[in-house]
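Below you'll find the structure, written out as structure tokens, and then a few comments.
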Amino acid sequence: MIQLKEIWKSMGGQEVLRGVNLRLGPAERVVVIGRSGCGKSVMLRVIMGLLQPEAGEVFFEGKKLTGLSEEEWNPYRRKIGMLFQGSALFDSLTVFDNLAFPLREQGEKSDAVLRDKVAEALKIVSLSGTEEKMPAELSGGMKKRAALARAIISRPDIMLYDEPTTGLDPIVADSINRLILHLGKMLGMASIVVTHDMVSARMVGERISYLHEGKIYFEGTPEQVDRCEDPLVRDFVRGHAEGIGITG
Amino acid sequence: MGWAVYLAGKFGAVFTESCRTAGSVFILLGDTLRSMVQYRIRWDQLWEQMYFIGIRSQVVVLTTGAFTGAVFAAQVWFQFKRFGMESAIGPTVSIAMCRELGPVLCCLLLAGRVGAAMAAELSSMKITEQVDALRALGVYPTEYLIVPRFLALVISAPILTGLALVTGIGCGYFVAVKIFGVDGAYYWDNTIKFTDSKDVVIALIKSFIFAVIIAAIACHKGMNCPPGTAGVGKTTTEAVVNASLALLIVNFFLTVLLNALLYSN
Ligand SMILES: Nc1ncnc2c1ncn2[C@@H]1O[C@H](COP(=O)(O)OP(=O)(O)OP(=O)(O)O)[C@@H](O)[C@H]1O
Ligand SMILES: [Mg+2]
């Protein structure tokens, strides 16, 4: 569904992505892991068209998106949901209006429908009853979940998650992992999950890609990653298992 | 000799940079105008901005108008009474208010109040990724964020300037007639006689163009904010300073131009 070909992108004079290749098939769940600052968020932004790469191409369902103008991207963006690392809720709108935003943009006007859908989405991320709160009144983890609810409410074909479980307690984190699995399996939503959390990576990933020095350094199933003898990959995977916290 | 070359180089660099910025402000302006016709207007956003700009700025604008009119009438009275020209105070105050003081001071205050708010709001949305979130949801930021602000300011500024003119002229009357004892009927007669409708037209055209300048510069600054909280403060200050300077400079050329256009015969 999505394919990245040889993506090069520099940020602030430093080459962050240096020839990234990535493929995401229909209903596939790919986890991207990598050290903090290695360019995972930049990669998601390139897929979303929020950043334009200097070289390389982004394909969506076989159509080349690189080179399209800002407004030509919009129809494709509406088919892709994105959870931002920093939540990025609209802080002048209530939680309800934040969640209703994508639906309203897609033409839903009926208040009853909006209320139902928002309530349902909030229930999924266990935030029921927070409709009238402002984002500033939510904790970091609650913001993240509200942002997740906003991203999935219009049932995009593809979801990009930037660290969906960072900053959440283990129980909620587990439920978010289940949600990602559920959306993938039941609704056939393809997803790219960026994470540092190996528990989450093993649980949701059908394929794990290790991003290192601007390239996909290693790619494989969770079992292959666990068995991988490469010191870089091993250190990353074990580093977390030994409890050396890596958080974004 | 070396310092001259250095200075010339410095000046050149500043000049090209200003031209580049001005160019991208114009591009943003063009994009705003295009989005205005191409997309459906978001009335709810527009009302919200109109309320903030049009209604909430009234106290500031009316106070400015009132005291400018009052102080100008007082100054004019001090000078004119020496020549026995009290009868000319009314028209002097009203023409000065219409042509310069009203639109310029009113819009300078709007640059401070509204321009700063626009730049601060947009830049904090920018640094907290809210602008990107908007884009990710398939919404064009110019259309959603800039068009309502631009329209609201461009509609409100002439109305607010009109209000400032009325209060300014009224307060001028009050100061001259009630405090300094100038003959009221005479004052008013002369004011009406010598103030042309063209003077009011000048006030409205000027404030309209100043509003375009303020909105374009403030939105441009806000949308191009460098990352980090320090960026927001810097952006806001620069937006107000640049908009105010641009407004004052444009005012001069606009004055010459309008004079040539309206009084050509
Ligand atoms: N707006 C920007 N301007 C300049 N440099 C940037 C910008 N955004 C990111 N970078 C740089 O790009 C690199 C990659 O950033 P990115 O946010 O993609 O990292 P990441 O892999 O998501 O890290 P984390 O796991 O901590 O979120 C970093 O070195 C960062 O310094
Ligand atoms: Mg990141």
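Results, tabulated for the structure shown:
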| item | result |
| --- | --- |
| Residue mean of other protein chain beta carbons inside 10 Å, A:82-89 | 5 |
| Heavy-atom accessible surface of chain B: percent carbon and sulfur, 1.4 Å | 72 |
| Summed buried accessible area for A+B [probe radius 1.4 Å, Å², rounded to 100] | 1700 |
| Sequence-distant residues sharing a close amide H with A:Ile208 (under 5 Å, placed H) | A:Val31, A:Gly220, A:Thr221 |
| Surface accessible to a 1.4 Å probe, per residue, for the residues of the protein assembly as shown, Å² | 46 |
| Charge-dipole axis of region B:112-186 as Lys and Arg at +1 and Asp and Glu at -1 on Cβ define it, positive-most pick from B:Val131, B:Ala164, B:Leu145 | B:Ala164 |
| Helical contribution to [θ] at 222 nm, DSSP H n ≥ 4, -39,500 (n - 2.57), averaged over chain A, rounded to 500 | -12000 deg cm²/dmol |
| FRET efficiency, 1/(1 + (r/R0)^6) with R0 45 Å, evaluated for B:Phe174 and A:Ser36 via beta carbons | 0.10 |
| Calculated FRET efficiency for the pair A:Arg155/A:Glu61, C-beta based, R₀ 22 Å, to 0.05 | 0.85 |
| Ellipticity estimate at 222 nm from DSSP helix runs (n ≥ 4, -39,500 (n - 2.57)) divided over chain B, nearest 500 | -26000 deg cm²/dmol |
| Total lysine pairs whose alpha carbons fall under 12 Å of each other in chain A (8 or more apart, or interchain) | 6 |
| GNM flexibility winner over chain A from A:Ser69, A:Ser126, A:Ser200 (Cα, springs under 10 Å) | A:Ser69 |
| Highest-MSF residue in chain A out of A:Gly188, A:Gly86, A:Gly62 [GNM, Cα springs under 10 Å] | A:Gly62 |
| Selection of GluC sites (Glu not before Pro), region A:108-197, meeting DSSP coil and at most 11 other Cβ within 10 Å | A:Glu132 |
| Those GluC sites (Glu not before Pro) in region A:1-105 that DSSP places in a loop and that have at most 11 other beta carbons within 10 Å | A:Glu54 |
| Per-residue SASA entry for B:Leu33, accessible area with 1.4 Å probe, Å² rounded to 10 | 90 |
| Residues of region A:77-106 with amide N under 18 Å of a point placed 7 Å along Cα→Cβ from A:Arg115 | A:94-101, A:103-104 |
| Qualifying chymotrypsin sites (Phe, Trp or Tyr not before Pro) in region B:164-265, DSSP loop, other Cβ atoms within 10 Å at most 12 | B:Tyr263 |
| Charged-residue dipole, Cβ positions (Lys, Arg, Asp, Glu), the protein assembly as shown about Cα centre, Debye nearest 20 | 520 |
| For region B:98-143, residues shielded by at least 20 square angstrom of accessible area compared with the chain on its own, probe 1.4 Å | B:Glu129, B:Gln130, B:Asp132, B:Ala133, B:Leu134, B:Arg135, B:Ala136, B:Leu137, B:Gly138, B:Val139, B:Tyr140 |
| Residue of B:Thr128, B:Thr161, B:Thr191 that the Gaussian network model of chain B assigns the largest fluctuation, springs spanning Cα pairs under 10 Å | B:Thr128 |
| Cα-based reach from B:Lys81 at 19 Å (exclusive), listing lysines while leaving out same-chain residues under 8 positions away | B:Lys178 |
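The values are calculated or read from the model by the stated rules, or taken from the named source; none is laboratory data. The shown structure was predicted, so the numbers you read here are calculated from the model rather than taken from an experiment. Ideal geometry is used to build each Cβ from the backbone, glycine not excepted, and the neighbour counts take in all protein chains shown. These area figures cover heavy atoms from the full protein model, side chains too; ligands, DNA and RNA do not enter into them. Shrake-Rupley method; radii C 1.70, N 1.55, O 1.52, S 1.80 Å.
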